[in-house]
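S.K.: Would you mind keeping the following structure in view while I ask a few things?
The values are calculated or read from the model by the stated rules, or taken from the named source; none is laboratory data. All values derive from a computational prediction rather than experimental measurement. Cβ placement follows ideal geometry from the backbone for every residue including glycine, while neighbour counts extend to all protein chains displayed.
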Amino acid sequence: MEQEYLNVGKIINTHGIKGEVKVKRITDFEERFEKGNVLYWRNQDQGPILELTISSHRIHKGFDLLSFEGYPTVNEVEPLKNGMLLVDKDNSGTLYEDEFYFHEIIGCYVYTTAGNYVGIIKEILTPGANDVWVVEREGKGDALIPYIEDVVTVIDVTKKSVIIEPMEGLLD
């Protein structure tokens, strides 16, 4: 059986000359990027998968900066740019009740408590105190839905459905 992976970040650039890469995080699990953890890398065209062991992690200006064992300089990590960092799906971490993986939320259909269709969740932003779900709407700009109890009332990942109670101005 082919191994399945989950995206946990995208390498968006190199950082400095000592082999660090700048990562846009796509996970809520802080421990994903701890020293010694194994991640997998795949480029955009879905080519071969490369195994990487984290040798350092720090946060800089809202991005994760990682370095990998055996990649001591910018020249070694340059080819990793624009690739995705993955984890083995079988090693994806334990969730508590009312917690979800990003891949379970992305693609869900969003409705209001009044039953009106809003759109499809296409991305999750993690700017700080709470996540923000980017909802693609037909004929309108994207809606930004804060993932807070007052707004997101029901999540049913088996039905790919989310129900929100929009705050005033949220969907304008």
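S.K.: In the range 115-154, how many are buried (at least 17 other Cβ atoms within 10 Å of the Cβ) and touching a residue at least 40 places away in the same chain (Cβ under 8 Å)?
M.R.: Within the range 115-154, residues that are buried (at least 17 other Cβ atoms within 10 Å of the Cβ) and touching a residue at least 40 places away in the same chain (Cβ under 8 Å) number 4.
S.K.: Can you report the number of residues in the range 7-57 which are basic (Lys, Arg), within 21 Å of Leu125 (Cβ to Cβ) and part of a strand (DSSP E or B)? Before the answer, list the steps.
M.R.: Restricting attention to the range 7-57, the residues satisfying the condition of being basic (Lys, Arg) are 10, 18, 22, 24-25, 32, 35, 42.
Narrowing the set further to residues that are within 21 Å of Leu125 (Cβ to Cβ) leaves 10, 22, 24-25, 32.
Now narrow it down to the ones that are part of a strand (DSSP E or B): 10, 22, 24-25.
Going through the range 7-57 one residue at a time, the tally reaches 4.
S.K.: I'm checking my understanding of the structure. Among residues of the range 86-137 that are outside any strand (DSSP E or B), among the β-branched types (Val, Ile, Thr) and at pLDDT 70 or above, which one is farthest from the chain's Cα centre (by Cα)?
M.R.: Step one: of the range 86-137, the residues outside any strand (DSSP E or B) are 89-108, 113-116, 126-131, 137.
Within this subset, residues satisfying the condition of being among the β-branched types (Val, Ile, Thr) are 94, 105-106, 113, 126.
Filter once more, so that each one left must be at pLDDT 70 or above: 105-106, 113, 126.
Values: Ile105: 10, Ile106: 10, Thr113: 27, Thr126: 8 Å.
So the residue we want is Thr113.
S.K.: A further question on this structure: Could you list, in sequence order, all residues of the range 155-172 that are among the polar types (S, T, N, Q) and either under 16 Å from Glu99 (Cβ atoms) or buried (at least 17 other Cβ atoms within 10 Å of the Cβ) (or both)?
M.R.: Once the filter is applied, which keeps residues that are among the polar types (S, T, N, Q) and either under 16 Å from Glu99 (Cβ atoms) or buried (at least 17 other Cβ atoms within 10 Å of the Cβ) (or both), the range 155-172 yields only Thr158.
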